[in-house]
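Visitor: The structure that follows is given in the form of structure tokens.
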Amino acid sequence: MNSINKHGFLLITALLLTGLLSSCLKENFDDCPRPFRLFIKAIDAEQNDITASGEVHRVILFVFNEKQQIVDAVELNASQVKSREPVNILLNYPGHESLTFIAWGNVDENVEFPKTTSVKALSDLYVRLRSASAGGRTRGALAQSPCDLFHGTLNVPVEYGGLESAGDQTIVISRKTLQVTISAYSLKMWNENKEGAYTFELRESNDSYDKEGNLSGDMVGYQPASTMDADGNLFTPIFHAFPTNEKKSYTLYILFNDEVIYTADKGSDGVSFVSGVGRLLNIIIDFRAGISIKSVVTPWNVVYQYVEYQ
């Protein structure tokens, strides 16, 4: 338990410890904080319950009191999340007025995230994209593609009046990233079949989420891995990004030997390169018989099936 709150809170999963009871050393239990169970529920962009899907493979759960001071933190693994294993919330007298739970899911090495031992207050929480090295001149900073990041928050008033359970609580976590895939058909031919390095650069989004899960920080772009096939078509696999701020369009740059040769921010029909979190943004540019551009948003992991021009 965190040393700054000796009389605070014990947050323990059933697999780690069982049989522990909160202690309220009073003859009258009216002043005793009541325990409860906390469940984690993951949802997709359509509000579907995906907890059991295995898409959330790690959750770090922070707990703060009404003064936004850290009480404790615990990590749940993929099995615990998938099986909906409850977290038993057991409070010692005198307890707290309320507890705020902040959960981050799937945090990995592509983002900066504070160590649990360094978090002393709610204001210490953040997620920030790590910088990526640029191959040449760019329009600004580049970031590594983030993980499939989830976030959720829940405030629970502490109930008093006995040792019986106060009931179950659920913290709902949802995605904070979107997916992108980019295709440029006949790009090499359009560029006079020049040999060299062809790359995409997608700009731009904030590089951080703050303590409340809101976008913050500096503006960055992404330079995803791409492959040129034998027909001169350039493709990216699906990669993750933070959303643009206030539904602003991304801008796509196509580079040849680190020099911009084409730029677009919307489809031929005027649809901007915009997607909400939890969905897949498909950007398709066909350089044959004139330039045709499509911007299509599809569900998570569902790639738009483009019918190539013949």
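Visitor: Among the numbered criteria (1) touching a residue at least 60 places away in the same chain (Cβ under 8 Å); (2) more than 18 Å from the chain's Cα centre (by Cα); (3) under 30 Å from Gln47 (Cα atoms), which single criterion is violated by Pro237?
Guide: The one condition Pro237 does not meet is (1).
Visitor: So which residues in the range 133-190 are under 22 Å from Thr251 (Cβ atoms) and touching a His at 6+ places or on another chain (Cβ under 9 Å)?
Guide: Within the range 133-190, Ser145, Pro146, Lys176, Thr177, Leu178, Gln179, Val180 qualify.
Visitor: Going by what's in this entry, would Gly95 be described as over 24 Å from Arg37 (Cα atoms), part of a loop (DSSP other than H, G, I, E, B) and at pLDDT below 95?
Guide: In short, no.
Visitor: Can you name the condition, by its number, that Leu202 falls short on among (1) within 21 Å of Val302 (Cβ to Cβ); (2) part of a loop (DSSP other than H, G, I, E, B)?
Guide: It fails just one condition, (2).
Visitor: If the requirement is being out of contact with any strand residue (DSSP E or B) (no Cβ under 9 Å at 6 or more places or on another chain) and not hydrophobic (A, V, I, L, M, F, W, C), which of these qualifies: Asn257, Asn193, Asn282?
Guide: Asn193 is the lone residue from the list that is out of contact with any strand residue (DSSP E or B) (no Cβ under 9 Å at 6 or more places or on another chain) and not hydrophobic (A, V, I, L, M, F, W, C).
Visitor: Just need a number here: residues in the range 128-148 that are in a strand (DSSP E or B) and modelled with pLDDT of 95 or more.
Guide: Qualifying residue count, the range 128-148: 4.
Visitor: Report, ordered by the first and then the second residue, all pairs with beta carbons closer than 7 Å, sequence separation of six or more or different chains, a first member in the range 52-70 that is without any contact (Cβ under 8 Å) to a residue 40 or more places away in the chain and surrounded by fewer than 19 Cβ atoms within 10 Å (Cβ to Cβ), and a second member that is part of a loop (DSSP other than H, G, I, E, B) and not small (Gly, Ala, Ser).
Guide: Glu66/His96; Glu66/Glu97
Visitor: Check whether at least one residue in the range 201-224 is among the hydrophobic types (A, V, I, L, M, F, W, C), more than 31 Å from the chain's Cα centre (by Cα) and modelled with pLDDT of 95 or more, and report yes or no.
Guide: no
Visitor: While we're looking at this one, here's another question. Tell me yes or no: at least one residue of the range 252-268 is over 27 Å from Asn191 (Cβ atoms), without any contact (Cβ under 8 Å) to a residue 60 or more places away in the chain and surrounded by 14 or more Cβ atoms within 10 Å (Cβ to Cβ).
Guide: Within the range 252-268, not a single residue is over 27 Å from Asn191 (Cβ atoms), without any contact (Cβ under 8 Å) to a residue 60 or more places away in the chain and surrounded by 14 or more Cβ atoms within 10 Å (Cβ to Cβ).
Visitor: What's the number of the only condition in (1) touching an Asp or Glu at 6+ places or on another chain (Cβ under 8 Å); (2) in a loop (DSSP other than H, G, I, E, B); (3) within 30 Å of Phe62 (Cα to Cα); (4) small (Gly, Ala, Ser) that Ser249 fails to meet?
Guide: That leaves (3) as the condition not met.
Visitor: Applying the selection to the range 205-227, what residues are part of a loop (DSSP other than H, G, I, E, B) and not aliphatic (A, V, I, L, M)?
Guide: Those that are part of a loop (DSSP other than H, G, I, E, B) and not aliphatic (A, V, I, L, M): Asp210, Lys211, Glu212, Gly213, Asn214, Gln223, Pro224, Ser226.
Visitor: Looking at (1) within 28 Å of Pro299 (Cα to Cα); (2) not in a strand (DSSP E or B), which is the only condition His151 fails?
Guide: If we test His151 against (1) within 28 Å of Pro299 (Cα to Cα); (2) not in a strand (DSSP E or B), just (2) comes out false.
Visitor: Being closer than 24 Å to Val56 by Cβ and surrounded by fewer than 15 Cβ atoms within 10 Å (Cβ to Cβ) is the filter here; which residues of the range 125-162 pass it?
Guide: Arg130, Asn155
Visitor: Sticking with this one: Kindly list, by first and then second residue, each pair from a residue in the range 194-212 that is closer than 14 Å to Pro146 by Cβ to a residue that is charged (D, E, K, R) and assigned to a loop (DSSP other than H, G, I, E, B), limited to pairs with Cβ atoms under 7 Å and residues at least 6 apart or on different chains.
Guide: Tyr209/Lys176
Visitor: For the range 113-127, does any single residue satisfy the condition of being modelled with pLDDT under 90 and not aromatic (Phe, Trp, Tyr)?
Guide: Within the range 113-127 (the criterion being modelled with pLDDT under 90 and not aromatic (Phe, Trp, Tyr)), the answer is no, since none of the residues qualifies.
The values are calculated or read from the model by the stated rules, or taken from the named source; none is laboratory data. Just so it is clear, the structure is predicted and the values come from calculations on it, not from any experiment. Cβ: placed from backbone, ideal geometry, glycine included. Neighbour counts: every protein chain shown.
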